[in-house]
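Everything on this sheet refers to the single structure shown next.
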Amino acid sequence: MKKFISVSEAGQMVKSGSTVMIGGFLRCGSPEKVIDEIIKNKTGELTLIANDTCVPEFDRGKLIVNKLVKKAIVAHIGTNPETGRQFNAGELEVELVPMGTLAERIRCGGAGLGGFLTPTGVGTIVEKGKDIIESQGKKYLLEKPLRADVAIVYATKADKFGNAFLDGTTRNFNPVMATAADVVILEADEICEEALNPAEVTIPGIFVDYIAQ
């Protein structure tokens, strides 16, 4: 059986200096309660891996506003002016990654792969510092895998075994992130006593270490 922990305990599992993956696309499918605990604990010097830095008033955006993130590896920052301000002021390191490339780097981290080749970014600033490999007359960037110390993911509902169902677009980055961290914490809106129907399972319980309720 999976270990049930409080939201407070979940927040304490994130330590200063950790690399943390956080699911969500803007406010859709974000583990907001655990994020609030991280902010409450003032856990800083984090490396954040996420789709975005949301907006200043909500979830991942509040981590930026409270200056708890030293580096953000994200697909875009345009919805959070504070991210841009801190970056321009030299207070925050930002690594912008094309969204599909970001998802695939995380998937590689979860699958134990050494990386993948993509034509996305060839001939642009994205290729700076990366290995360029030519195959069949075409150039590709070698994109390396991403893993985290902790992944905090969201679910619409979960059973006591950690199997989780995510409704609609709340799936976004949550399922792939659940495969690519040393510790996976699941924040679910609803905990079911009965096991989920296998056809509903979006994140298999084998990937989930803790359920925050």
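Kindly establish whether Leu63 is under 19 Å from Ala89 (Cα atoms), modelled with pLDDT of 95 or more and not in a helix (DSSP H, G or I).
Details: under 19 Å from Ala89 (Cα atoms): yes; modelled with pLDDT of 95 or more: yes; not in a helix (DSSP H, G or I): no.
Spelling it out, it is not the case that Leu63 is under 19 Å from Ala89 (Cα atoms), modelled with pLDDT of 95 or more and not in a helix (DSSP H, G or I).
Quickly run through the range 198-210 and pick out the residues that are free of Cβ contacts under 8 Å to residues at least 24 places away in the same chain and either β-branched (Val, Ile, Thr) or in a loop (DSSP other than H, G, I, E, B) (or both).
Selection gives nothing.
Output yes when any residue across the range 178-197 is polar (S, T, N, Q), within 14 Å of Pro31 (Cβ to Cβ), outside any strand (DSSP E or B) and modelled with pLDDT of 95 or more, and no when none is.
Looking only at the range 178-197, we keep the residues that are polar (S, T, N, Q), and these are 179, 197.
From the residues that got through so far, the ones that are within 14 Å of Pro31 (Cβ to Cβ) too are none.
Checked against the condition, which is being polar (S, T, N, Q), within 14 Å of Pro31 (Cβ to Cβ), outside any strand (DSSP E or B) and modelled with pLDDT of 95 or more, the range 178-197 yields no hits at all.
Can you pull out the residues in the range 66-100 that are acidic (Asp, Glu), part of a strand (DSSP E or B) and open to solvent by 60 Å² or more (accessible area, probe 1.4 Å)?
Once the filter is applied, which keeps residues that are acidic (Asp, Glu), part of a strand (DSSP E or B) and open to solvent by 60 Å² or more (accessible area, probe 1.4 Å), the range 66-100 yields only Glu93.
For (1) open to solvent by 70 Å² or more (accessible area, probe 1.4 Å); (2) in contact with a helix residue (DSSP H, G or I) (Cβ under 9 Å, 6 or more places away or on another chain), each residue gets a yes or a no:
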{"position": "Lys128", "(1), (2)": "yes, no"}
{"position": "Ile133", "(1), (2)": "no, no"}
{"position": "Leu141", "(1), (2)": "no, yes"}
{"position": "Thr202", "(1), (2)": "no, yes"}
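I'd like to verify a number: residues in the range 7-30 that are closer than 11 Å to Val150 by Cβ and either of a type in the set (Phe, Trp, Tyr) or not in a helix (DSSP H, G or I) (or both), how many?
Number satisfying all stated conditions: 8.
Hey, among Ala103, Ala89, Ala75, which residue is small (Gly, Ala, Ser), in contact with a strand residue (DSSP E or B) (Cβ under 8 Å, 6 or more places away or on another chain) and either within 21 Å of Arg27 (Cβ to Cβ) or free of Cβ contacts under 8 Å to residues at least 12 places away in the same chain (or both)? Before the answer, list the steps.
Values: Ala103 fails: in contact with a strand residue (DSSP E or B) (Cβ under 8 Å, 6 or more places away or on another chain); Ala89 fails: in contact with a strand residue (DSSP E or B) (Cβ under 8 Å, 6 or more places away or on another chain).
Every option except Ala75 fails the conditions.
Restricted to the range 145-169, and to residues that are among the basic types (Lys, Arg) and part of a loop (DSSP other than H, G, I, E, B), which residue is modelled with the lowest pLDDT? Let's see the steps before the verdict.
At the first step, the residues of the range 145-169 found to be among the basic types (Lys, Arg) are 147, 157, 160.
Then keep just the ones that are part of a loop (DSSP other than H, G, I, E, B); that gives 147, 160.
Details: Arg147: 98, Lys160: 91.
Out of the qualifying residues, it is Lys160.
The values are calculated or read from the model by the stated rules, or taken from the named source; none is laboratory data. These numbers come from a predicted model, not from an experiment. Cβ sites come from the backbone with ideal geometry, for glycine too, and all protein chains shown count toward neighbours. Areas reflect the complete protein model, heavy atoms only, side chains present, ligands, DNA and RNA absent. Shrake-Rupley method; radii C 1.70, N 1.55, O 1.52, S 1.80 Å.
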